[in-house]
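Have a look at the structure below before the remarks.
The values are calculated or read from the model by the stated rules, or taken from the named source; none is laboratory data. These numbers come from a predicted model, not from an experiment. Quick reminder, even Gly has a Cβ in these numbers, built from the backbone with ideal geometry, and neighbours come from all protein chains shown.
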Amino acid sequence: MESLPVFNNTGAAMTDHIAPDLKALKSTGHALVEAVGGCVAAKVILGHKSPSTISAQTSISEPDRWMNVRDLMVLERHAQRPIVSEWLVERHKADPDRVRRPLSIEDVARLAKESAEAKLAILAALADGKVDQLDRTTVAREMRELIAVASEVLDAVEFGA
């Protein structure tokens, strides 16, 4: 059921002042809640909010109430789809104000450095025949750094100046 717009005393809809991106973000939050079965199901999954709070956090008519990142993450994991995260990434890629840069020789050096550091972290973790929590943390950090650099280089390839 679609809700009717709420109007202020000037006749303008109360949601007219909300930026289009924020309206879209509210809509994707609502789609995420629907993907897990609605507000009551989301309440069961999250375990700490009422269905009315969840509804308000995803409603355009409640522009000052937002779902926190942890709750979005939990619901996306349950939905097995990155509904909000995917929209955020696509929005970022489509941002016309985003800094565009060309692919450069420095990208090769950055990729080589991060790749070598990730490789060395993996080799160090395997050296004693057992991978402990410290090894996992180190390898994960190095892999994230490699992924970040690779992502920047990919952006330069796909969206570069």
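Observations
- Residue check, LEU123 of a type in the set (A, V, I, L, M), assigned by TED's automatic domain parsing to the domain that holds VAL139 and within 21 Å of GLU152 (Cβ to Cβ): no
- Within region 15-65, tally of residues that are acidic (Asp, Glu) and surrounded by 17 or more Cβ atoms within 10 Å (Cβ to Cβ): 0
- All positions within region 132-161 that are exposed (fewer than 14 other Cβ atoms within 10 Å of the Cβ) and either touching a Phe, Trp or Tyr at 6+ places or on another chain (Cβ under 6 Å) or of a type in the set (Val, Ile, Thr) (or both): THR137, ILE147, VAL157
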